[in-house]
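Chemist: Below is one structure. I have some questions about it.
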2 protein chains.
Amino acid sequence: MTAPALHPDLATLALLLGEWRGEGRGQWGEGAPFAYREEVAFRHSGKPVLAYTQRTVALDDGRPLHAEMGYWRPVPGGAVEVTMAHPTGFAEIELGTVEGGRLRLATAAVERTPTAKTVTRLERDIDVDGDTLHYVVRMATGGGAAVWHLEATLHRTQATGDGR
Amino acid sequence: MTAPALHPDLATLALLLGEWRGEGRGQWGEGAPFAYREEVAFRHSGKPVLAYTQRTVALDDGRPLHAEMGYWRPVPGGAVEVTMAHPTGFAEIELGTVEGGRLRLATAAVERTPTAKTVTRLERDIDVDGDTLHYVVRMATGGGAAVWHLEATLHRTQATGDGR
């Protein structure tokens, strides 16, 4: 497949393009803290949207933990719109901003399947500095306040994000 | 990566696993009919959920058309729950049933970003017969009735759907 040209509207999100790997840690409620290995990819097809895929596995035994997939759309003026699907039965809209390497996103709307996890809000603070990406995710369930849930540092392992 | 064992709860959806390719055609409103080439993958990681990725390109010049990604969850009794993200700014929950090779899904809830396409409902009729998959997608925008939009026949090109 020929690598498509980057759509000019993707300029503000181009710093996310490529494949990323790293390690993170998390905790939820009274549960035991856990550590994970993560793979993330941001790709484009020539359209003004990034396709995002992510998965994590446990650092200790490699068992699959979370995964998520969706699309990141830049909006003129520094806004960002994200559509995201989760394997635990919820799909959401996240809205936020990008200023240089600083992205801040939060759930604006969420819908759940009948058997879904009752996640009601995610907040993502993402900071990109060159080929290093650090994020914190805060999560709320059942309508409560979002609290610290995940934090990881990733390193870019492949620069291009062409194709799917 | 070692291929994980299929989770027993995935039995009813196992006939979707693998990679699929084929051609389809579509139309929307008064727009010109179009033809497309499609790639679909259903993968699993050992958990009771399928990760679904899809994209289409125009049959005439290969330009990217639609794409979508999400997760398909079987529920005891033949129900299916889908979380889906679309690059056009909406995310949705689809609910339906699977009986043998016959899947019927429809949007149960949809959320949109401020600049999204105003899709309000998708209906998917999917029929799998061996390594052939045929689907029809009906779509509604602005709250109207769902009407015929896409139809394609895909062939399984790779049987296993292990890993991401």
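Chemist: Please label the shape of the protein assembly as shown as rounded, prolate or oblate, based on the square roots a ≥ b ≥ c of the eigenvalues of the alpha-carbon gyration tensor (a/c under 1.5 means rounded; beyond that, a/b larger than b/c means prolate, else oblate).
Modeler: Verdict is rounded for the protein assembly as shown.
Chemist: Roughly how many nanometres apart are two label points built 7 Å out from the Cα toward the Cβ at B:Ala58 and A:Ala11?
Modeler: Result for the modelled spin labels: 2.6 nm.
Chemist: Ranked by Cβ crowding within 10 angstrom, fewest neighbours first, how are A:Glu111, B:Glu30 ordered?
Modeler: B:Glu30, A:Glu111
Chemist: Quick one: check the C-alpha center-to-center distance for the stretch B:105-134 versus the stretch A:77-151, whole angstrom.
Modeler: Cα centroid to Cα centroid, the span is 23 Å.
Chemist: Another question, if that's okay. Across peptide B:85-98, what mean number of C-beta atoms from other chains lies inside 10 Å of a residue's C-beta?
Modeler: For this peptide, the per-residue mean of nearby foreign Cβ atoms is 6.
Chemist: List the distances, in nm and shortest first, from the label point of A:Asp125 to the matching label points in every other copy, placing each point 7 Å from Cα along the Cα-to-Cβ direction.
Modeler: With the label placed 7 Å along Cα→Cβ, A:Asp125 yields 5.2 nm.
Chemist: To continue, here is another question. Report, for A:Arg63, each distance to the same residue's label point in the other copies, shortest first and in nm; define the point 7 Å along Cα→Cβ.
Modeler: List, nearest first: 4.9 nm.
Chemist: Further, regarding this structure: With +1 on each Lys and Arg Cβ and -1 on each Asp and Glu Cβ, and nothing else charged, work out how big the dipole of the stretch A:8-146 is about its Cα centre, in Debye to the nearest 20.
Modeler: 280 debye
Chemist: With contacts defined as alpha carbon pairs under 8 Å and 6 or more residues apart, what's the relative contact order of the stretch A:8-146 in percent?
Modeler: Rounded, it is 14 percent for the stretch A:8-146.
Chemist: Please say if chain A is rounded, prolate or oblate, where rounded means a/c under 1.5 for a ≥ b ≥ c the square roots of the C-alpha gyration tensor eigenvalues, and otherwise the choice is prolate for a/b larger than b/c and oblate otherwise?
Modeler: Working: a/c = 1.71, a/b = 1.36, b/c = 1.26.
Here chain A falls in the prolate category.
Chemist: So how do A:Ile126, B:Ile93 line up by other beta-carbon neighbours within 10 Å, fewest first?
Modeler: A:Ile126, B:Ile93
Chemist: Separate question: Could you line up B:His86, B:His149 from fewest to most neighbouring Cβ atoms inside 10 Å?
Modeler: Working: B:His86 25, B:His149 18.
Fewest-to-most ranking of B:His86, B:His149: B:His149, B:His86.
Chemist: Taking a point 7 Å out from Cα toward Cβ as the label site, list the nm distances between A:Glu151 and the same residue in every other copy, smallest first.
Modeler: 5.6
Bear in mind these aren't lab numbers, they're just calculated from the coordinates by the rules spelled out. On a predicted model such as this, the values are computed, not experimentally measured, just so you know. Cβ coordinates were reconstructed from backbone atoms using ideal geometry, including for glycine residues, and neighbour counts include every protein chain displayed.
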